Amino acid sequence: MEAQTVKEFFRVLPGKLDADAAEWIDAVYQFDLSGPHGGQYHLTVKDGTCVVHEGVHPDPHVTFSMSGEDCLGLLKGQLDGPSVFLSGRLRVSGDLGLAIQLKMLFPTVR
């Protein structure tokens, strides 16, 4: 079943982690989502595991800021990440190398 809300998506995300790809990663990814489908979530990827928490992490390595609607569109494959970024609807701050690696860590997420 495909997640219909951002909250549902983040709930199932740890099960989609490619543990081999994440074996040497130690990073915190913050998602700041605005609008009706918004919320704040952070995921900690460390030693081949992923843990998701609601709320703001005090010191994330990477922060993604966008609307909840755009986040759902990206997760469902309805929107293209680079296009959303270039249009200014997605802002990324922090370690861009880790930001780029995120897709590799979750290969089954569109």
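Throughout, read-outs are computed from the coordinates displayed, never taken from laboratory work. Computed from a prediction, not measured in an experiment: that's the story for all the values here. Using ideal geometry, Cβ is built from the backbone for each residue, glycine included, and neighbour counts are taken over all protein chains shown.
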Most fluctuating of Gln30, Gln78, Gln40 in the GNM of the chain (C-alpha, under 10 Å) is Gln78
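Rounded to the nearest 5, what is the percent of antiparallel bridges among the DSSP beta bridges in the chain?
Just about 75 percent of them are antiparallel.
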Burial-style ranking of 44-52, 62-70, average other-beta-carbon count within 10 Å with highest first, yields 62-70, 44-52
Between the Cα axis of helix 96-105 and the main Cα principal axis of the chain, the angle (0 to 90°, nearest 10) is 80
Filtered hits (lysines, Cα-Cα < 20 Å from Lys46, offset >= 8 within chain) -> Lys16, Lys103
Checked the chain with the C-alpha gyration tensor, a ≥ b ≥ c its square-rooted eigenvalues, rounded below a/c of 1.5, otherwise prolate if a/b is larger than b/c and oblate if not; verdict rounded
Computed about the Cα centre, the charge dipole of the chain from +1 Lys/Arg and -1 Asp/Glu charges at the Cβ has a magnitude in debye, to the nearest 20, of 280
